[in-house]
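Bear in mind that the values in this text are calculations on the coordinates, not laboratory data. Keep in mind it's a predicted model, so treat the numbers as computed, not measured. Cβ atoms come from the backbone with ideal geometry, glycine included; neighbour counts cover every protein chain shown.
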Amino acid sequence: MEIQHEQYRIQGIALTDLAATYGTPLYVYDGEKILQKVSLLQKAFSTVTLRIKFATKALSNINILKLLKKAGTGADAVSIEEVKLCLHVGFQPHEIMYTPNMVSFAEIQQAVDLGVMINIDNIPMLEQFGAYYGGQVPVCIRLNPHILAGGNAKISVGHIDSKFGISILQLKNIHKVVEAYGIQVTGLHVHTGSDILDAEVFLKGAEILFEAAMDFKDLKFLDFGGGFKVAYKPGDIATDILDVGEKVSAAFKDFCQQYGRELEIWFEPGKFLVSESGYLLVRANVVKSTPASTFVGVDSGLNHLIRPMMYDAYHSVVNVSKTEGPEHVYTIVGYICETDTIAADRRLKEVEEGDILAIKNAGAYGFTMSSNYNSRLRPAEVLILDGKARLIRERETFDDILRHQIDVGI
Ligand code: LLP
């Protein structure tokens, strides 16, 4: 988003015009930004065979998935519905990694029938898988590397108390099951968490994976998960992807030499690819001063962007209706019947009723984590590509609130 001709614009289109045309609240995605991020990641790992598996859960609109597919990525799906969505938009089964957690064997069987790569994250499931499929269906195994990393406790998933993955301390048990059933393990996977800054964490994960990998003879790829940190706050440092690329690629090449075969390196970024592309445009309904603060109440809330409430996440907010004039400190809150503070104590250009505020970094885990809480409607989504805005999801209507409810005539 840039200020041009005294207006905030994406690819030349004023955000205030988008709000006027499509209404608010509105999710807006900058397609060019997404494509730039894909290119940057490809550049960072250009000396190895990289496969990007976009973390579908971050942003699953079919048009975004198609855009990513066109740019050459695959997809990581965490539910059978995401697998179906990815197939629906044209990803080939072999381009899809299915990384479920705590799902039934029946769901795994459905995914096998759809032909996607299965990432198994617990021993009972590996056992059931082996008993049913033997060595017929290749699998990936998700290891828990026991690395404490990630932006906050809720998104730190590679530590010893995490529900995800099979502990590296249980490698022996894995081998027992693999040998008993002749399971064909073609990939190993780790994902330590989200918002990971340092190359060191990825290297630590890599070392653990390399060590474990030496005892699996049929490997074709190693998957390092996602988790690259993006900048949310002004002054935040993001993962230096070129640095991570250089260091991890060098270590990976050394490993491949030791292993005696060229493997593919897989990553499953969500935030890195789409977070910065997205804006949630909201309208100021009320500017309300109390003895303690000045609140800006907007036509959105935790039902549309839950990250501030769920993770204490920081999202920058800009009053895109004003490019000049005085600034004041405001607390931006939602219209939900909860204390849904979106952003506390922020300096914004003077806000008047009707002004449009843009909440930044709303591309990842924004719309996909939205709900109908308070029986509110979910926003529309717009994608800007080639300098043109396209509506990619209609705003919900009141009928959507009633849909699927059954009036039993009480
Ligand atoms: N791979 C696996 C196995 C994952 O569990 C995740 C995220 C990713 C890849 C993608 O991580 P990313 O590159 O987006 O950091 N809703 C939270 C983030 C939860 C992430 C869950 N797993 C948030 O809004 O911060």
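Using only the Cα atoms of region 273-410, build the gyration tensor, take square roots of its eigenvalues as a ≥ b ≥ c, and label the shape rounded, prolate or oblate: rounded if a/c is under 1.5, else prolate if a/b is larger than b/c, else oblate.
oblate
Among 196-208, 65-77, 167-179, 34-46, how do they line up from the highest to the lowest mean number of other beta-carbon atoms within 10 Å?
Order by mean packing, descending: 65-77, 196-208, 34-46, 167-179.
Give the peptides 331-339, 96-104, 213-221 in descending order of average Cβ contacts within 10 Å, highest first.
Per-residue Cβ counts within 10 Å, averaged per peptide and sorted highest first, yield 96-104, 331-339, 213-221.
State the dimensionless ratio Rg/Rh of the chain (Rg: radius of gyration of Cα atoms; Rh: Kirkwood radius).
1.01
Provide the gained length on full extension for the span Leu40 to Lys233, in nm with one decimal, where the gain is 0.36 nm per separating residue minus the Cα-Cα distance.
67.3 nm
Hey, can you rank 314-326, 20-32 by average C-beta count inside 10 Å, highest first?
20-32, 314-326
Would you work out which of Leu59, Gln42, Ala71 lies farthest towards the positive end of the dipole of region 31-72, given +1 charges on the beta-carbon of Lys and Arg and -1 on that of Asp and Glu, about the Cα centre?
Towards the positive end, the residue furthest out is Leu59.
Compute the relative contact order of region 214-303 as a whole-number percentage, counting only Cα pairs closer than 8 Å that sit 6 or more residues apart in sequence.
Computed over region 214-303, the figure is 31 percent.
Using alpha carbons only, how many degrees (0 to 90, rounded to 10) separate the axis of helix 105-114 from the longest principal axis of the chain?
Helix 105-114 sits at roughly 90 degrees to that axis.
Over the chain, calculate the relative contact order: mean separation of alpha carbon pairs under 8 Å at least 6 apart, over the residue count, as a percent.
Rounded, it is 19 percent for the chain.
Evaluate the charge dipole of region 60-269 about its Cα centre and quote only its size in Debye, nearest 20, assuming +1 on the Cβ of each Lys and Arg and -1 on the Cβ of each Asp and Glu.
260
Where both residues lie in the chain, what percent of DSSP beta bridges are antiparallel, nearest 5?
The antiparallel fraction comes to roughly 50 percent.
Dipole size in debye (nearest 20) for the chain around its Cα centre, Lys and Arg Cβ +1, Asp and Glu Cβ -1?
It works out to roughly 380 debye.
So if we plug the beta-carbon distance of Glu396 and Glu246 into 1/(1 + (r/R0)^6) with R0 = 56 Å, what FRET efficiency do we get, rounded to 0.05?
Efficiency, from the Cβ-Cβ distance: 0.80.
Report the equivalent ellipsoid semi-axes for region 60-269 in whole Å, largest first, defined as the square roots of five times the eigenvalues of the gyration tensor built from alpha carbon atoms.
So the equivalent ellipsoid measures 26, 22, 17 Å along its semi-axes.
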